[in-house]
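Here is the structure we will look at, set down as structure tokens.
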Amino acid sequence: NDGVTGHNGVTYLAGLPAHREHDLSLDLASLQDPFLLPAVENVRATGHPGGHVVLDFPVTYSGDIEGTVYARTPSGDVPIRNIGLELVDLSQRTIRRTVSEFDGYYLFQESPPGWYEVHIIPGTLERKRLRMPAPVAAQIPTDGGVSDRNDFILRFDEERRASR
């Protein structure tokens, strides 16, 4: 059942069966600000005959986390492509994954406010003989925005390199 809000943000959903739980969600396309995200996935409501249920859909600003992956070489830092990265929240849950582009750049879009760690996915380093770096901490402020310069500078595994 779709309900479109008026200019005041209110809608009326008729025909919902009474005494049953309904999960209602906010359509992202209906938000005028592209940096707003629903703060919760859905809102659960139970209809009652002859009554009204008022629901609020909280929203929050989102932000982007970006950086570049480099490899340290004798001639300088060189961007590295195809390095897998994951965005991990403070409870160590993976939120999103991405891969560095041809120029080493990576981006996690539409992340809710809070502190995160960016981890390199270990399997993507094995074939390149690079050492696993420590995670990088990144923060999206409560009013959204971009957390940039979350760069990785990878070093070659000298033991494996020397044994070639």
Margin query: Using alpha carbons only, how many angstrom separate the centre of segment 44-97 from the centre of segment 100-124?
Written below: 9 Å
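Calculate the dipole size of segment 51-116 relative to its Cα centre from +1 charges on Lys and Arg beta carbons and -1 charges on Asp and Glu beta carbons; express the result in debye to the nearest 20. Write out the running numbers ahead of the final one.
Working: 5 positive and 9 negative charges, 49 e Å.
Once rounded to the nearest 20, the dipole reads 240 debye.
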Checklist line | Cα shape, segment 98-137, gyration tensor, a/c 1.5 rule | finding: oblate
Next item on the list: Bin all alpha-carbon pair distances of the chain at 5 Å intervals from 0 and give each bin's fraction as a whole percent.
Entry: 2, 7, 14, 15, 12, 10, 9, 8, 7, 5, 4, 3, 2, 1, 0, 0
Checklist line | Cα centre as origin, Lys/Arg/Asp/Glu Cβ charges: the chain dipole, Debye | finding: 920 debye
Item checked: Amide H contacts under 5 Å for residue 128, placed H, 5+ residues apart -> none
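Give me the percent of the accessible area of segment 70-130 that comes from carbon and sulfur atoms, probe 1.4 Å, all protein chains in place. Could the numbers behind the result be given before it?
On the way: 1750 of 3550 Å².
Exposed carbon and sulfur together represent 49 percent of the surface.
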Next item on the list: Please work out the average accessible area per residue across the chain, using the 1.4 Å probe convention, and give it in Å².
Entry: 67 Å²
Checklist line | Amide H partners (placed H, <5 Å) of residue 154, local residues excluded | finding: 70, 71, 72
Check: Considering only 125, 12, 25, whose Cα is most displaced toward the positive end of the charge dipole of the chain, charges sitting on Cβ of Lys, Arg (+1) and Asp, Glu (-1)?
Finding: 125
Next item on the list: Provide the percentage of antiparallel DSSP beta bridges, counting only those with both residues in the chain; round to the nearest 5.
Entry: 85 percent
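The values are calculated or read from the model by the stated rules, or taken from the named source; none is laboratory data. Just so it is clear, the structure is predicted and the values come from calculations on it, not from any experiment. With ideal geometry, Cβ positions are generated from the backbone for all residues, glycine too; neighbour counts draw on all protein chains shown. What goes into the accessible areas is simple: the full protein's heavy atoms, side chains included, and nothing from ligands, DNA or RNA. Shrake-Rupley method; radii C 1.70, N 1.55, O 1.52, S 1.80 Å.
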